[in-house]
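See structure below.
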């Protein structure tokens, strides 16, 4: 085993141990999405509160066998979140900390902004949000309607608009919101926003799957934003806003792919544990599914390595996310078929996996978005 492989193997082993303790609570979280705030004593969930923070700001990394883990690289996140999704993806998405907003702050924040943001996370378990998608426009930046305006050059900004399908929207205490400060791609910026401000409202959105993530709608009416809370203020227009957004997605797409792999693995292992006697045809089908899971896992690992080597190299990440989303759905539906027509009633955990798997498709861009991204790269002569 190579040194990098051993490093990730240690992390994955620890994550699996922790998330095996979370799994018994999965159906309870599905019934009560507020439950994760009362499960922070479970290390798989609670430890995420102080991870995914850059080493310069985090004096408390995860230490396993003398090795330090910050979960800042795509490779480490992929190793961890495959096991988290195997345990319960909805609960993993309900964890405190900065899985998405922290990536953007790391990419665009100045020293003062990073001190403020990461300092808040280290003080106490803090839930954060990443608000990009809009009710009428999805994540299409060209059509973004949320605005960030101000009356004079030295005065505060005012945020107006609505964001939807925002993870941890209701329990989030701070996060980032994308808004327009002007026309065109350079007119998209992001601001650090605290919940509870005048004009800020968060409401839950009922969902069929991933209920624990407690997706919600954020409505902002003249929410005052201090100039020092606008990310990328020290950067040129070409290096902030959409540039940070693309960097965030490139880093996190392999992570979403790993979640699909974890869900598929959970479904495969459920069949193995609950169906001790299989026909030859059933065994062939189960073996074929195992090979497919391993193939997508390897693609996901390659995608993570590519992004860690070059944050702009996101094509393999798009491919991995596309393949993993399809795998998660196919694997969970195939697993249900091993138990007959009443499987969804007789096997509630497997039924939950099937509902949650559908949500992978809508995380970090749908299948069509991934295909278009890959096509654009190939048309420019890229090699992924």
For the stretch 154-300, the Kirkwood Rh over every pair of distinct alpha carbons, in Å, works out to 18.7 Å
Volume per residue (Å³) of the convex hull spanned by the alpha carbons of the stretch 1-108 is 102 Å³
Projected onto their principal axes, the Cα atoms of the stretch 77-174 stretch, largest extent first, over whole-Å spans of 50, 34, 23
Here the Kirkwood hydrodynamic radius of the chain, Cα-based and in Å, equals 21.3 Å
With Cα coordinates, the longest principal axis of the chain makes an angle with the long axis of helix 3-22, in degrees rounded to 10, of 80 degrees
Computed over the chain: longest principal axis from alpha-carbon atoms vs helix 315-337 long axis, angle to nearest 10 degrees, is 40 degrees
Out of 102, 175, 196, a Gaussian network model of the chain with alpha-carbon springs under 10 Å gives the largest mean-square fluctuation to 196
Among 368, 168, 160, the residue with the largest mean-square fluctuation in a Gaussian network model of the chain built from Cα contacts under 10 Å is 368
The rounded separation in angstrom of the Cα centers of the stretch 6-33 and the stretch 194-212 is 25 Å
Zone reached by a paramagnetic label modelled 7 Å from residue 376 Cα along Cα→Cβ, restricted to the stretch 181-199 with backbone N below 17 Å, covers 184-189
Quick calc: nm separation of the 7 Å Cα→Cβ label points for residue 276 and residue 246 -> 5.6 nm
Computed over the Cα atoms of the stretch 242-379, the Rg and Dmax in Å are 16.3, 53
If the chain between residue 5 and residue 20 were fully extended at 0.36 nm per residue, the gain over the current Cα-Cα distance would be 3.2 nm
Helix 111-123 sits off the longest principal axis of the Cα atoms of the chain, rounded to the nearest 10 on a 0 to 90 degree scale, by 50 degrees
From the Cα centre of the stretch 45-60 to that of the stretch 281-334, the distance in Å is 27 Å
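Bear in mind that the values in this text are calculations on the coordinates, not laboratory data. From a predicted model like this one, the values you see are computed outputs, not experimental measurements. All Cβ positions, even for glycine, are placed from backbone atoms using ideal geometry, and neighbour counts span all protein chains on display.
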